[in-house]
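The values are calculated or read from the model by the stated rules, or taken from the named source; none is laboratory data. On a predicted model such as this, the values are computed, not experimentally measured, just so you know. Counting neighbours? That spans all protein chains shown, and the Cβs are built from the backbone with ideal geometry, glycine included.
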């Protein structure tokens, strides 16, 4: 099953990094967050990726073009007047990576539709290139196959941003406590499984996937939620980037199930 990764946005809310590279290529723990997401899927045996690129798409292509070189022990032998390269050891993943330029200003739905020819008439997975999660992808796929609907998204509880108040009828604060994940509302965390029928729900480049396509699927009873109670974190700003880096520096990153 192929994995589609949305990696074409401008990333304006983390402009201190994204002015030089696409947001999915911003590094945490010395590797792009896109690499971390791919490692998540690879851990569960999914190694065929289609990257929907756009803004500074050449950065993504060049990074993967050099990936094998940077992860190998190589002898460069110039003694015979030529540039002979001898590969001794390499630590690359068994990935097949297709990077597609889906346009600079294309919306999320349009980006998905533009890679239709690379997917074919089969079910595929899709997620955003700026968030990591410890969802069990094997169980997610099993859930999707069991219900038989067109689409499944992973939902997580969005933690409240402020302290929680219990206010009585006389306006007196009866109780105060800090925010908790259980106070939040479920949100779309990505990590979707989509049937090939999804392309019929996307009109073109200007289609925002999270609006008309998902709203229509919900109205028709074709959208299911896989409830994830574990870790999920997007990277919209420097604070969140630093937070993810801290997880990795302290060896406590929940999404990092693989061994180095």
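Summary of values
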item: Residues being crowded, with 21+ Cβ neighbours inside 10 Å and not in a helix (DSSP H, G or I) - total across the stretch 31-49; result: 2
item: Residue, surrounded by the most Cβ atoms within 10 Å (Cβ to Cβ), within the stretch 206-235, restricted to residues that are assigned to a loop (DSSP other than H, G, I, E, B) and touching a strand residue (DSSP E or B) at 6+ places or on another chain (Cβ under 9 Å); result: 235
item: Sole exception among (1) part of a loop (DSSP other than H, G, I, E, B); (2) at pLDDT 95 or above for residue 82, by number; result: (2)
item: Residue in the stretch 198-205 that is part of a helix (DSSP H, G or I), touching a strand residue (DSSP E or B) at 6+ places or on another chain (Cβ under 9 Å) and under 14 Å from residue 153 (Cα atoms) present; result: yes
item: Qualifying residue in the stretch 3-18 (condition: modelled with pLDDT of 95 or more and part of a helix (DSSP H, G or I)); result: no
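Okay, residues lined up against (1) buried (at least 23 other Cβ atoms within 10 Å of the Cβ); (2) modelled with pLDDT of 95 or more:
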| site | (1), (2) |
| --- | --- |
| 101 | no, yes |
| 107 | no, yes |
| 110 | no, yes |
| 119 | no, yes |
| 127 | yes, yes |
| 136 | no, yes |
| 139 | no, yes |
| 142 | no, yes |
| 156 | yes, no |
